[in-house]
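The values are calculated or read from the model by the stated rules, or taken from the named source; none is laboratory data. Just so it is clear, the model here is predicted, and its values are computed rather than measured. In this analysis, Cβ positions are derived from the backbone assuming ideal geometry, glycine residues included, and neighbour counts consider all displayed protein chains. Surface areas here come from the heavy atoms of the whole protein model, side chains and all, with no ligands, DNA or RNA. Shrake-Rupley method; radii C 1.70, N 1.55, O 1.52, S 1.80 Å.
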Amino acid sequence: MRVERKTGGESILLSEKFLLGAGGEAKVYALPTSPEQVAKIYHKSDPTRARKLSAMLANPPEDPAASQGNQTLSIAWPLDLLHTVSSREVAGFIMPRVHQRSPVFSFYNPSTRRTTYPLSNYFYLHRTARNLASAVRALHQRGYVIGDVNESNILVTETALVTLVDTDSFQVRDPVSGEIFRCSVGKMEFTPPELQGQTFSEIERKPEHDLFGLGVLIFQLLMEGTHPFAGIYAGSGDPPAYDERIREGHFVYGSRPVPYKPMPFAPPYTMVHPRLQRLFSRCFEEGHLHPVSRPTADEWRDALAEAEASLLTCRVNPQHRYGILLETCPWCERATRLGGRDPFPSPSDVQKGKHLEKAPRKKSPEVKVEMRPSTPYNLPIPQRAGAVQYGLAPVSAGLSASANSTGVMGGPWAYSAPPAGSVTSSTPTIALPSNRWAWTALSFALIAILPGFRILGGLVAWFCGAIAIKKSSKLGGSGAGLAVCSILLGGMMMALPFVFKQTRGVLDEEGRGVVALSVSPDGKQVAVGTRRAEDLSNVGGTASIWDAEAEQLLMALGGHYSGDVVALSYSPDSKLLAIASWGTLEPATVSVWDVKSGQTLWSQKAHRNSIQTVAFSPDGKYLATGGSRQYVRTREIFAQVKLWDTQTGSLLKTLESEGEVFSIAFSPDSKRVVAGCGSSGGLGTFKRSEMGRVQVWNTETGDTVWSKSAHAAACLAVAYSSDGRTIASGGNDNAVRLWNANAGTLETMLEGTGVNVSAVTFSPDSNTLASGGSEGEVVLWEVASGKPVRRLLGHTAEIRALAYTADGKTLASGSLDNTARLWKLKNGR
């Protein structure tokens, strides 16, 4: 077959002796005159494909590797079109020839890697993932979408350089005509949930669809080939296929309960850098509901760089690299668990061929670590089995080994052999103290950083540090300095709540977590509700009223609750206080009290199963309660919002949905009520309620205005802005989201701290949003920019409730550390 190049008109004869491979769509031939290029010839001509290739040639992406000066390309992009001689139809195209590469599968699969690339290590896998993210970034910047992201389309060199192939299957948009050439194929295991079961040829792919597949590949690179949705099925019946797991969002290593357990021989997820763990949660949990929340290629690249820089080298085996936050080498432990089959065999074992043996390995000596700060962009090349050289140097002295803005690492290297059997390193080794008491003191000092453990961790750090100093004299002074640092750190953490004490007052609730509070609209009082004191027999939660100025207890209401006082709300005129309580021995009850007299006006059993929240409407007409009802026969749980007459206590309306209600709030005009719903992980069956949702009802008609999936499993807090334009929601996925109150569209997503965001409230002017959660800190956000402007430190446990005073100058917070605090907010910030 004879074809001609479009550029230059060169005639090329392609015969079977140059055939490299064939598939169902095309054949690939070597070019006798251009050994670094190949020709891909299609079985049938297609005018649409011809336009697509022309658009690709006119708008090539910037190749990260090529821009750095490497001969190896990150993207095997078309170089020229090939025409038939007779009909002048586009027969195919010319592209770079890819040499000495293997599918990325060969690197993240332990068995294949041991035999083919035995001297790869965890550092190389991080670098491979970084280069993959750089290549994806370059495509997205030019407007291309890969579409069919999978392990077979990604080839990797021995130096961790990545090349994307089969680029003619990418989705292409012609920037001139606007025509979109879709990607008609995809692999189930790398397809995002929103595209599972869809016909790809009819769908316009988006970058966030690629980012799901990128997250899967990075997860497999860092977790020894384990798929993020692979696990032992704990439910009944046959285990669901991958497409069903992905569609349901069953990320095995996430925060949301799923019916799977990690695979028995999967590596521990704790060895993945914490920043990467957060990105995986965003990709597979937050991204399940909101694809735009998935981390970008830039975010992956930056996080991988941070994780790579934190890797330490194991003293037992220099091929073992692991995170600085880990106490012992996980690869040594994994090798023992796998019967001696080391995931990353040492150079000496490779030279002797021991990496191919199946015999169990002898018990390893005590694992010690040495810090070898890696040279991030000077990547040594892992050698194939049988190689004896282990030192490396750049081929050309003029080739820079640093990464530029494209983020591509690696390059062509030449071998420089040290003495046989040795492993060379020009980096100095840092000897670590052998005083175990010093290390114990440091561990507890670090634990003291966590809210809720500051006192305990600090005290234990002091105790162990003192013993370490005493024993250091017997160990030649080893560990004395580390012990002193641990004692100082522990002391600082214990003093932290006092150093950063920014509060006007602390209302002590004597050993009971504060789970509810409400500030009276006139700003004179703060009502505080506590949960049951678990350590005291038959003593339930309390509801108390405090003077906001004098910081003194005015009265305690009730005193006969056997469960928790879960929610409080003042009436608009500050004369009434609604109290919601429930527990194992107490029904879900709401009661309304006269604040002046301290007498109960009315009390009702509000919900069949639980009550979580209560709120007065701004016009004083309604009292809303939120809870749940479980139908015994079907075991289905339904969310309920009930509207009560404020004066008489009669039930006016019941609004139902699925799941449970955790929080409610009225619009300023009282015409709408919003609820945060979801699943607490208790008994019962759920449908959409497995996802945290925000649902808005019309209070007059009871009709649903809009309902949106908002959080991973539960929407724990909602709030209306005073102008009625915005609804804020917080959930157990560590996120705060701002919604258009009328349209129900997501406007802004804010990333909180910790695991849960369990309280949100707007300032009276709607310019600031306060949020609190499991980390025990109050974060003040600027609503317009979505940026945190201040953090209030003082609580040592999860914050459950927040409320502004009417003038916006004071913020009240309630925490499980047994205190309610009044924060003075200066300058309106």
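Of note:
- With contacts taken as Cα pairs under 8 Å at a separation of at least 6 residues, the range 35-158 carries a relative contact order of 29 percent.
- Each label was represented as a point 7 Å from its Cα along the Cα-to-Cβ direction; for residue 33 and residue 248 these points are 6.0 nm apart.
- For the range 566-665: accessible area per residue (Å², 1.4 Å): 41
- Calculated FRET value between residue 85 and residue 747, using beta carbons and R₀ = 60 Å, to 0.05: 0.55
- Legend: residue pairs 605/824; 671/824; 787/809; 261/352; 575/605; 206/708, Cα-Cα distance threshold 28 Å; pairs beyond threshold, 605/824; 671/824; 261/352.
- Largest-first ordering by accessible area, 1.4 Å probe, given options 555, 1, 56: 1, 555, 56
- With a cut-off of 12 Å between beta carbons, the residues surrounding residue 31 carry a summed charge of 0, where Lys and Arg count +1 and Asp and Glu -1.
- Linear extension gain, residue 650 paired with residue 325, 0.36 nm per residue minus alpha-carbon span: 111.2 nm
- Distances between placed amide hydrogens fall under 5 Å for residue 699 paired with 672, 673, all partners being 5 or more residues away or on another chain.
- Highest-first arrangement of 780-790, 614-624, where packing means the average Cβ count within 10 Å: 614-624, 780-790
- Protein accessible area in the range 1-80, 1.4 Å probe - carbon and sulfur %: 52
- Neighbour net charge for residue 619 - beta-carbon separation under 10 angstrom, K R +1, D E -1: +1
- Exposure rank, largest accessible area first [176, 514, 165; 1.4 Å]: 176, 165, 514
- Relative contact order of the range 153-277, pairs being alpha-carbon contacts under 8 Å that are 6 or more residues apart, as %: 18
- Environment charge at residue 77 (Cβ cut-off 10 Å; Lys +1, Arg +1, Asp -1, Glu -1): -2
- Rolling a 1.4 Å probe over the protein heavy atoms of the range 130-169, with every protein chain left in place, gives an accessible area that is 41 percent carbon and sulfur.
- Annotation: per residue accessible area for the range 203-360 equals 39 Å², rounded to a whole number [probe 1.4 Å, protein chains only].
- Estimated at the nearest 10 Å², the accessible area of residue 46 is 60 Å² with a 1.4 Å probe.
- Applying 1/(1 + (r/R0)^6) with r as the Cβ-Cβ distance of residue 152 and residue 601 and R0 = 60 angstrom yields a FRET efficiency of 0.25.
- Carbon/sulfur fraction of accessible area - the range 202-255, other protein chains in place, 1.4 Å, %: 44
- A full extension of the chain between residue 348 and residue 51 corresponds to an added length of 101.4 nm, given 0.36 nm per residue minus the alpha carbon distance.
- Shape class for the range 235-355, computed from the alpha carbon gyration tensor (a ≥ b ≥ c): oblate, with a/c not under 1.5 and a/b at or below b/c.
- A full extension of the chain between residue 115 and residue 179 corresponds to an added length of 18.4 nm, given 0.36 nm per residue minus the alpha carbon distance.
- Scattering curve values for the range 745-829, log₁₀ I(q)/I(0), Debye with Cα scatterers, q = 0.11 Å⁻¹: -0.26
- Highest-first arrangement of 142-148, 34-40, 178-184, where packing means the average Cβ count within 10 Å: 142-148, 34-40, 178-184
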